[in-house]
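Student: Mind looking over this structure? Questions follow.
The values are calculated or read from the model by the stated rules, or taken from the named source; none is laboratory data. None of these values were measured; they are calculated from a predicted model. So basically every Cβ, Gly included, is an ideal-geometry build from the backbone, and we count neighbours across all protein chains shown.
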C-alpha cells in the first residue's frame, strides 16, 4: 500500500528526485514500480505478499526485511533465488515466484571453479564491516587520523537500521522524529566520505577465515580482504518467535515494516497489529499511524510499569533525560491517537482468512492486513565467531556477548567489534564504541587521535549503557517459549521443521545441537539457524540441566550469507 503524497515536515526539510516509473512483469501481471525502490516494496505496494513456494507447498513472503531469513526469494529476469528485500528496481524486470525445487540452468557455463587463491586481494589499513552507527563512526575516526579505510555494507545505502536512508524517489511521509534520524544518518555518512572512507555498498561478507581474511562479493567482483586491522559492526536482527501462522505472508518483523515505510514509503497495510517486546514496537506503531495506518493493537509482552519500576525510571531520566521524555511523548501520543496498548500480552496464533489475517492474543482476536512481530534482537555475530573471537552467554537477553577489552578489541588480536553484533546496546552506544575502536586502531597503527574526543566517547558510552540497562529493566519480560506451542508449529522456517519433530529428536534427552540438526535438518536452511538455533539451544540446556555457552549453538560456517557459485566463478578473476 503506497503513500501517495508526502507530508510537509517543519523540523527538517528533505528533498528527493522525481520518481522514475517503470512496469514490472510479475507472473504475467503488469505492476507499476519506482526505480530505486526495493523489489519487495514495489510488490507489497501492489498487494503481492506471497513470493515463493516451499517444499510443503506453502507460500512465503517478506519477513525480516534485511536479507537474513531468505523467505522473499524470487526469480528476477531469469536469475533464481534473489532476495526481494535487498534488490533494487533498476528497470522493467520480469519477476516470477520461486517454486520448489528451484529450477536449475539447462546447461553448464563451462567455466571452471576457482580457488580462494584466485581471488583478488586488497590490504587496506582498516576494513570495517557494517555501515550503521558503529561502523560509520569507527571508519570516520580512523580515516580522519590518516588511515586508509574501506567500509563494506550489504545494503544499497549506508546508515544501518537506526539511520535508515530513504531512496531518492521516496514518497516521504515519516515522522519528524524519524526525519531527525534520517538527517543525522546523512551527516554521519557525509562525514565518512569527507574523511576519505571508501564505502562499498551491496557488498556481502560471506566468509571469515583466521587470522584476518574476509571473503566479500560486490556487484563488481569477488575478492578477499586482508586488512591490517578489522572492525566488525554487523548489527543485529530481530528475534522471531515461532507461533502457529508466523510464516504466513503478511507477517513481518517490526523492523521490516519500518524499512518499508522509511526507505520506500510503503505501508505494510491499513490495519496493523504490532506484537512483541521493547520500545521499537511503540515507535514504529506511531510512525505507521502518522502515515495513515490504523494500528488496531500494540501487544507488549512486558507488564505495565508500576511503583516497583521507580528506580529504573529514575535512572532513565538521569542517564538521558531527552530520550526519556521522548518515551513519555510516545506514550502520550499513543493515548491521543487511541492506539490500544496492552501489557503482558503474547501473540499466540495468526490465522489467514482470504486476504485478511487474524492475530490472536489469548482469546482476543484482531482482524488486520499485517501482523508485525518484534521480540527483541539477536546479534549478527557469525563472522566474529568464525574468526575465533570468544563469547559469553547473556542469560537475561538470551544471546551471546563478545568478549572485548576497553578499546572494543576482541580476544583475537587486531579484531575489534562494536555495536549490537557483540551485545545489544542501541545505536548511541554503537556510535560511542565505534569512536573508541576507530581511535584505538589509529593509535595502534601509529596515527595521532584527539584524547579528549576518546574520553568524551567513553563517558557518553557509560551514560548510554546505563540508559539501556534501565530501559530493558522497564521492558523486562519472560522470553516466549516454543514449547508452549502446538506440535505442528514450524520452528525452522527454512526447512519447515515442526516443534513435534524437534521434540521427537530430543526425546532421549542427550543429543547435542548438532545431532538434532542431523536428525531433523533444523538449521540447515539458508538462514543457517539464525531463528531456530536459539530456541533449540535453550530447549536442550533446560532439558539436560546445563548452562548455555557458545558450544550450545551451531558452529559458524561458510558462507555466512548465500553466495551464488556462478558469481564466484564469473567474478573471481576480476582485477581489484
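Student: For the range 98-121, state whether one or more residues are within 30 Å of residue 231 (Cα to Cα), modelled with pLDDT of 90 or more and over 22 Å from the mean Cα position of the chain (by Cα).
Tutor: yes
Student: Condition first: within 22 Å of the chain's Cα centre (by Cα), buried (at least 17 other Cβ atoms within 10 Å of the Cβ) and not in a strand (DSSP E or B). Can you find one or more residues in the range 364-371 that meet it?
Tutor: No, that holds for no residue.
Student: Could I ask something else about it? Would you check which residues across the range 197-215 are under 15 Å from residue 230 (Cα atoms) and either more than 20 Å from the chain's Cα centre (by Cα) or without any contact (Cβ under 8 Å) to a residue 60 or more places away in the chain (or both) and list them?
Tutor: Once the filter is applied, which keeps residues that are under 15 Å from residue 230 (Cα atoms) and either more than 20 Å from the chain's Cα centre (by Cα) or without any contact (Cβ under 8 Å) to a residue 60 or more places away in the chain (or both), the range 197-215 yields 197, 198, 209, 210, 211, 212, 213, 214, 215.
Student: Just one of 463, 459, 385 is surrounded by fewer than 22 Cβ atoms within 10 Å (Cβ to Cβ) and under 20 Å from the mean Cα position of the chain (by Cα); which is it?
Tutor: 385
Student: Looking at this structure, is residue 269 assigned to a strand (DSSP E or B), outside the structural domain of residue 156 (by TED's automatic domain parsing) and surrounded by 22 or more Cβ atoms within 10 Å (Cβ to Cβ)?
Tutor: no
Residue-by-condition table, conditions (1) more than 21 Å from residue 478 (Cβ to Cβ); (2) surrounded by fewer than 21 Cβ atoms within 10 Å (Cβ to Cβ):
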{"site": "519", "(1), (2)": "yes, yes"}
{"site": "527", "(1), (2)": "yes, no"}
{"site": "531", "(1), (2)": "no, no"}
{"site": "535", "(1), (2)": "no, no"}
{"site": "541", "(1), (2)": "no, yes"}
{"site": "546", "(1), (2)": "no, yes"}
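Student: Somewhere in the range 256-264, is a residue in contact (Cβ under 8 Å) with a residue 40 or more places away in the chain, in a helix (DSSP H, G or I) and more than 21 Å from the chain's Cα centre (by Cα)?
Tutor: Looking through the range 256-264, none of the residues is in contact (Cβ under 8 Å) with a residue 40 or more places away in the chain, in a helix (DSSP H, G or I) and more than 21 Å from the chain's Cα centre (by Cα).
Student: Related question: State all residues of the range 59-83 that are more than 18 Å from residue 28 (Cβ to Cβ) and either in the same structural domain as residue 266 (by TED's automatic domain parsing) or in a loop (DSSP other than H, G, I, E, B) (or both); if no residue qualifies, say none.
Tutor: Residues satisfying the conditions are 61, 62, 63, 64, 65, 66, 67, 68, 69, 70, 71, 72.
Student: Can you name the residue in the range 183-198 that is out of contact with any helix residue (DSSP H, G or I) (no Cβ under 7 Å at 6 or more places or on another chain) and not in a strand (DSSP E or B) and, of all such residues, is farthest from residue 449 (Cα to Cα)?
Tutor: Of everything passing the filter in the range 183-198, 183 is farthest from residue 449 (Cα to Cα).
Student: Continuing with this model, one more query. Between 55, 41, which is over 22 Å from residue 267 (Cβ atoms) and not in a strand (DSSP E or B)?
Tutor: None of the other options fit; the residue is 55.
Student: Among the numbered conditions (1) modelled with pLDDT of 95 or more; (2) assigned to a helix (DSSP H, G or I), tell me where residue 471 comes up short.
Tutor: (1)
Student: Say we look at the range 281-293 and pick out the residues that are in contact (Cβ under 8 Å) with a residue 40 or more places away in the chain and in contact with a strand residue (DSSP E or B) (Cβ under 6 Å, 6 or more places away or on another chain); which of these is surrounded by the fewest Cβ atoms within 10 Å (Cβ to Cβ)?
Tutor: 289
Student: Does residue 81 qualify as being surrounded by fewer than 23 Cβ atoms within 10 Å (Cβ to Cβ) and free of Cβ contacts under 8 Å to residues at least 12 places away in the same chain?
Tutor: Here the answer is no, as residue 81 does not meet what is asked.
Student: Taking the range 321-339 on its own, how many of its residues are outside any helix (DSSP H, G or I) and surrounded by fewer than 16 Cβ atoms within 10 Å (Cβ to Cβ)?
Tutor: 2
Student: Scan the range 451-469 and tell me whether some residue there is more than 30 Å from residue 144 (Cα to Cα) and out of contact with any strand residue (DSSP E or B) (no Cβ under 8 Å at 6 or more places or on another chain).
Tutor: So far as the range 451-469 goes, yes, one or more of its residues are more than 30 Å from residue 144 (Cα to Cα) and out of contact with any strand residue (DSSP E or B) (no Cβ under 8 Å at 6 or more places or on another chain).
Student: Next question. Return the only residue of 299, 310, 285 being at pLDDT below 95 and at negative phi.
Tutor: The unique qualifying residue is 310.
Student: In the range 213-227, is there at least one residue being assigned by TED's automatic domain parsing to the domain that holds residue 138, modelled with pLDDT of 95 or more and assigned to a loop (DSSP other than H, G, I, E, B)?
Tutor: Checked the range 213-227: at least one residue is assigned by TED's automatic domain parsing to the domain that holds residue 138, modelled with pLDDT of 95 or more and assigned to a loop (DSSP other than H, G, I, E, B).
Student: Next up: Can you find a residue that is crowded, with 21+ Cβ neighbours inside 10 Å, within 29 Å of residue 427 (Cα to Cα) and in contact with a strand residue (DSSP E or B) (Cβ under 9 Å, 6 or more places away or on another chain) anywhere in the range 487-497?
Tutor: Yes: one or more hits.
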